[in-house]
Structures are given as structure tokens and as C-alpha cells.
1. So is S89 at pLDDT below 95, farther than 26 Å from G226 by Cα, in contact with an Asp or Glu (Cβ under 9 Å, 6 or more places away or on another chain) and of a type in the set (S, T, N, Q) or not?
2. Scan the range 57-88 for residues that are surrounded by fewer than 24 Cβ atoms within 10 Å (Cβ to Cβ), over 15 Å from the mean Cα position of the chain (by Cα), in a helix (DSSP H, G or I) and not aliphatic (A, V, I, L, M) and jot them down.
3. Among the residues of the range 181-215, count how many are surrounded by 13 or more Cβ atoms within 10 Å (Cβ to Cβ), in a helix (DSSP H, G or I) and either of a type in the set (G, A, S) or more than 20 Å from the chain's Cα centre (by Cα) (or both).
4. Is it fair to say T218 is touching a residue at least 24 places away in the same chain (Cβ under 8 Å), within 22 Å of T41 (Cα to Cα) and part of a helix (DSSP H, G or I)?
5. Only one of T113, T196, T167 is closer than 20 Å to I326 by Cα and either at pLDDT 90 or above or among the hydrophobic types (A, V, I, L, M, F, W, C) (or both). Can you tell me which?
6. Report every pair of residues separated by at least 6 positions or lying on different chains whose Cβ atoms are under 6 Å apart, first residue within the range 232-259 and more than 22 Å from P118 (Cβ to Cβ), second in a loop (DSSP other than H, G, I, E, B).
7. Within the range 161-168, does at least one residue satisfy the condition of being surrounded by fewer than 21 Cβ atoms within 10 Å (Cβ to Cβ), in contact (Cβ under 8 Å) with a residue 24 or more places away in the chain and either among the hydroxyl-bearing types (S, T, Y) or in a helix (DSSP H, G or I) (or both)?
8. Take the conditions surrounded by 24 or more Cβ atoms within 10 Å (Cβ to Cβ), closer than 25 Å to V120 by Cα and of a type outside the set (D, E, K, R) and apply them to A225. Does it pass?
Amino acid sequence: MTGQASSAQPLSEEPASRPVLRRELRFLETAAVSIGVMAPTLAMSVTGVAAAKALGRAAPLAFVVAALGVGLVAYGFVRLAGEFSHAGSVYAFVGNTLGPRPGFLAGWALLGTYLVFPPVSIMGVAIFGRAFLSTVGLAKDADWYPIALAAWVVIWALAARGVRPTTRSLLAFEVVSVCLILVLMGVIYWRLAAGTAPGGQTLSGDVFVLPPGVSVSTLALAAVAGFLAFAGFESAGSLGEESLVPTRMIPRAIITAVAFGAVFYVACIVAQTLGFGTSAAGVSAFQHSQAPLAELAQRYVGTTLASLLSLGAMLSALGAGLGGVIVAARMMFAFGRDGLAYRRLGGVSAATGVPGISAGDRPGRSWLPLAACSSRVSCCTTTSCRCRPRPMSSSPTWWPYGSPPG
């Protein structure tokens, strides 16, 4: 690496007309995107059961292994984010290091993930929203569709306000939901240490010892659940054109997200495992739980905290959807600006400074241009990843920083 901070370069002869995102995000706002897309509360509400089914009482080991693996992957992102700042995230990271074609493929592959995040997150909002309404007695069998529709409206409204209000909303969602889990964890550990747990459970180090008959390969398979809990840690990489000091803030944001996730996930899964108990009956209860956090809250605290945790999981899912929209919009902005997708995606709202797709520019058609990219891409020899289209009848060609040869 050359140590250069690569940001978007002009692709046309009129640099002044090139869309520019606003640099206004501080560290916490940058880190909020990575943590928000990870959705710690949502992750802890669903992934622990899968690890328990594979490892039994040793479910926390799956997240220890996952944290080590994600840490290695994160190191690569940290190094690249310290060199290049670009709204396209891995599109620029890979394109500037391995070449334009790998950058093109990596960028579109990751974009696919971020496009899936919001709909999946909306499913989580609907599921936990129904659970919350049922627990508090407002609706025993609420229809999922109005909840999902309301979540989409909230996400769209927040994403269109500007990147700073959006990231602050994302941070608020996660702070509230994580604090609720911390309260539950504190009560569980306190009652375990005091010997007042509902089923007579106690603190035990068995959670870090593989049960007899469980192989290392099973541990590796169970770690997949842990990896899923970290999904999205790299999301801050798409804020390379909006962070105040991107080559410093984004690496720190990624490190913070992974470090926080590692500590929080392991501590939370230990609390869940010990809360249910390390006996055969306790392990079975954990493995078959549909909502482990809410069930533990009901056992150790009461209905009120169980209801609040369902609300917290709903907020976390909402934040994950919002974070997915933030990142996907910026990657699509980078592709549209560089001629790899519908050009209108490369616009920026003059009022809010966010990509046009976030600002609600033709929402009914904003997803269709994903198919507008040419099926054939030819490359010149360069380490950059900038695309400038030929005339309409030709396929796009990669040029170094927007400058055609000859």
C-alpha cells in the first residue's frame, strides 16, 4: 500500500458538477453504523440457540472462536480503511488493491448483502413487534403487515433526513436495546452469585469446556452462528466520504464494533447459558427456547422486562434495517457515479447531502436500476476502480481515476 487516502475522483471534464457527499460525521456517529448493522440485541435474541443446539452448555465457545476469526478479517478492513476512503467500501478497497474486476465483483457481492439486510430486519421488527404487543396485552395476534409497513416508513423517513440525524437515531436505538440486555445480564449474574436463581443454578466454568463427544469440527460449525452475529461490522467503511477524518475514524470504528461485539456477545451468551442452567434440563430448555432473552427476563425479573426486551429487539432490528439502507444507498451512489449502475443513483440531495436513493428520489423505481449495469466490463491495467462509460452503444471501460488513455 502506498499510504494514500483515496477518495472519489472526477470522472468527467466538469469536476464542479460531480456529486459530493458532506463530511460531517464524528467518531461515535461513524461507529454507530457498524454497531447498528451488527444489531447486537437482535443477534443475541436469535443466534445463541443455534450455538446451544450444537455445543450444549459450551455455546459461549462458538462466539469466542467467531470473535477471533472476525478479528482477523477486521484487521484487513482496518488496514484498507486506513489507506482508502470511498463511499463504495469494498468496491474501492478491493479495486485499489487487487484490480478493477475484483473490485467490481466484491462491491456488487457485498451490495447484495446490504440489500437483503433491510427486508430481513423488517421481518425481525414484525416478529418482535407482535411479541411485544402480545406481552403487554394490546393485541394477542397482531397482523404483521401494518408493523412491517410502519417500520419501512420510519426507516425511509430517518434515512432521508441526513446522515448525522440518521446515525444518531441508529446509535439511540442500539444504546436503549443494549442497556436493557445489560440490566438482564446484571440480574442473572447477581442471582447466580447469590444463589437465588429460579432453578438453583450457580456460576460455573463448564461453559468454556466442550462436553464429552463434541468435536472441534462441531465447534467450528457452531461458530457460524457467532460469525452471523458480527455481520455488518465493516459497514462504517461506506462512510469514507462523510467522516471528518475517514482514514482514522473508520478503522477505529471497525475496531470498536468488533471489540464491543466480542465482549458483549460472549458475556451475554454466558449469561443465557448459566441462566438456563448447565444441567441436561437447562441445556434442553435453552436449545428449544423461541425467545431466550424474554424467557430469562420472565424467570429472573418479571413480565415488564420481558416486554421491554421484545421492544428492544424490535428497535435493534429497526436499526439494522436503517443501517442497511445507509450503507446500500452509499454503495449504489458510488456505482451510479462511476457508471456501473443507473446514473441517477449517483445524485446527492442538495437539502440533506445524502445520496438521492436515501432522499426518496423516485422510491418506486430506485431498486430497478440495479439491473442497469452492463453484463460485460473491460479493464485497462490500473490499480484504481473508476468506471467511465463509453457512448451508449458500448460497454463501460475502467479508466484510472476517470482519465481515459490517449
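The values are calculated or read from the model by the stated rules, or taken from the named source; none is laboratory data. Note that the structure is a prediction, hence the values are computed from the model and not measured. Glycine also receives a Cβ, built like all others from the backbone with ideal geometry; neighbour counts cover every protein chain displayed.
1. Details: at pLDDT below 95: yes; farther than 26 Å from G226 by Cα: no; in contact with an Asp or Glu (Cβ under 9 Å, 6 or more places away or on another chain): yes; of a type in the set (S, T, N, Q): yes.
For S89, the condition - at pLDDT below 95, farther than 26 Å from G226 by Cα, in contact with an Asp or Glu (Cβ under 9 Å, 6 or more places away or on another chain) and of a type in the set (S, T, N, Q) - is not met.
2. G69, G71, Y75, G76, R79 - these are the residues of the range 57-88 that are surrounded by fewer than 24 Cβ atoms within 10 Å (Cβ to Cβ), over 15 Å from the mean Cα position of the chain (by Cα), in a helix (DSSP H, G or I) and not aliphatic (A, V, I, L, M).
3. Residues in the range 181-215 being surrounded by 13 or more Cβ atoms within 10 Å (Cβ to Cβ), in a helix (DSSP H, G or I) and either of a type in the set (G, A, S) or more than 20 Å from the chain's Cα centre (by Cα) (or both): 12 in total.
4. So T218 does not fit the description; no.
5. None of the other options fit; the residue is T167.
6. From the range 232-259, the pairs are L244/R23; P246/S85; P246/G240; T247/A5; T247/G82; T247/S85; P251/G82; V258/F233.
7. Initial filter on the range 161-168 (surrounded by fewer than 21 Cβ atoms within 10 Å (Cβ to Cβ)): 161-162, 164-165, 168.
With the extra rule that they be in contact (Cβ under 8 Å) with a residue 24 or more places away in the chain, the set shrinks to 161-162, 164, 168.
So of that shortlist, the ones also either among the hydroxyl-bearing types (S, T, Y) or in a helix (DSSP H, G or I) (or both) come out as 164, 168.
Yes, because at least one residue in the range 161-168 is surrounded by fewer than 21 Cβ atoms within 10 Å (Cβ to Cβ), in contact (Cβ under 8 Å) with a residue 24 or more places away in the chain and either among the hydroxyl-bearing types (S, T, Y) or in a helix (DSSP H, G or I) (or both).
8. On the way: surrounded by 24 or more Cβ atoms within 10 Å (Cβ to Cβ): yes; closer than 25 Å to V120 by Cα: yes; of a type outside the set (D, E, K, R): yes.
Answer is yes for this residue.
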